[in-house]
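Peer 1: Take this structure, written in structure tokens, and hold onto it; I'll ask about it next.
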């Protein structure tokens, strides 16, 4: 009788450990897509004609920058060159995971133009 109770508790502990490990491994599926933009900083200003939007995306199936497809490497890093118009420019990085969950990040950038007097 004692051995039966001990084996029951061992199986119960093993079952709890297996369920806990399964939840731990599936946490990325439960979290949904994530986007982190490293450059440019939101609200920054530039006078260049090309800007480089870089960052990382995790748990995604599809990524867009200003509604145009963007691509990531195996580690989830993305880099895109854009030619913004002068003035305040808003760039939207959006992602969708394979379950249809969406997220987006918005970066505003002030593109300055300088006139030279000759």
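Peer 1: If you take Rg/Rh (Cα atoms, Kirkwood Rh) from the coordinates, which of (i) 1.00; (ii) 1.35; (iii) 1.24 do you get?
Peer 2: Computed from these coordinates, Rg/Rh (Cα atoms, Kirkwood Rh) corresponds to label (ii).
Peer 1: How far is it, in nm, from the label point at residue 102 to the one at residue 68 when both lie 7 Å from their Cα along the line to the Cβ?
Peer 2: Here the answer is 2.0 nm between the modelled labels.
Peer 1: Here's something else I'd like to know. If the chain between residue 23 and residue 44 were fully stretched, how many nm would it gain, using 0.36 nm times the residue separation less the Cα-Cα distance?
Peer 2: Numbers: separation 21, 0.36 × 21 = 7.56 nm, distance 4.03 nm.
In short, 3.5 nm is gained.
Peer 1: Out of all DSSP beta bridges with both ends in the chain, state the antiparallel percent to the nearest 5. Don't skip to the end; give the middle numbers.
Peer 2: Numbers: 29 of 32 bridges.
Roughly 90 percent of the DSSP beta bridges within the chain come out antiparallel.
Peer 1: Under the definition of Cα pairs under 8 Å and six or more residues apart, what whole-number percent is the relative contact order of region 63-118? Each step should come with its number before you reach the end.
Peer 2: Values: 68 pairs, mean separation 18.4, N = 56.
Relative contact order for region 63-118 comes out at 33 percent.
Peer 1: Taking each pair of different alpha-carbon atoms in region 43-87 once, compute 1/r for the pair, average those values, and report the inverse of that mean as the Kirkwood hydrodynamic radius in Å to one decimal. Walk me through the numbers before you get to the answer.
Peer 2: Details: mean 1/r = 0.0843 Å⁻¹.
Kirkwood hydrodynamic radius for region 43-87: 11.9 Å.
Peer 1: Also, I was wondering about something else. Using only alpha carbon pairs under 8 Å that are at least six residues apart, calculate the relative contact order of the chain and give it in whole percent.
Peer 2: Values: 200 pairs, mean separation 32.5, N = 118.
Relative contact order comes out at 28 percent.
Coordinate-derived values only; no laboratory data. Here the structure is a predicted model, which means the values were calculated and not measured. Glycine also receives a Cβ, built like all others from the backbone with ideal geometry; neighbour counts cover every protein chain displayed.
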